[in-house]
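The structure appears below as structure tokens.
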Amino acid sequence: MNLQTNRIKWLLCHQLLLRGSPKNRIVTVSTFLANFKWAKKFRAKMIIWAEQNSQNMGGLTPGQIRSQTETDEFWPSLAVATRFKEAVRRNPAYAQRRLPAFTPQELNRELVHVRCHFCQELHDKLQLCTGCEKAKYCSRDCQQKHWVSKHRNECKAAAKGRS
């Protein structure tokens, strides 16, 4: 297990997003999601391995190893995969669409799918607001603070719009 292999897997996902489906070969959303799943599994195994072997990690803590697996390519890939998985959940045929090519600016905008609505930090696991099903939070604390500050009104309006 090494950090270079982890980075290569995320680079592949990132390149798929930048190139999209070329004219001479069809690359689908499901192809990207399969590569993403492969990279994500490797990252998870690497983190578990690091936690079990922390004494052999050159002084790095498991938290530092986790943070080093979050390469520049990780966050945009996670963001797009999050959006694509939701689209496939709503419409399974979406998985067979050609993978679009993204610009770096578009990938940056996709980060909204992995950003906490309150603290604005990037997180790989966010909890969806059950009221509006739009806002996402990294912690119960952020959800409560956002509720008190302004989400209460936004959430009620969004929930009414869904019914």
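The values are calculated or read from the model by the stated rules, or taken from the named source; none is laboratory data. Since we're looking at a predicted model, the values are computed, not measured. Cβ atoms come from the backbone with ideal geometry, glycine included; neighbour counts cover every protein chain shown.
Taking the stretch 99-157 as the range and being among the acidic types (Asp, Glu) and crowded, with 17+ Cβ neighbours inside 10 Å as the test, the residues that pass are Glu110, Glu154. Of all residues in the stretch 91-104, none satisfies being under 26 Å from Gln127 (Cα atoms) and among the β-branched types (Val, Ile, Thr). For the stretch 1-41, a tally of residues being of a type in the set (Gly, Ala, Ser) and either at pLDDT below 95 or over 17 Å from the mean Cα position of the chain (by Cα) (or both) returns 3.
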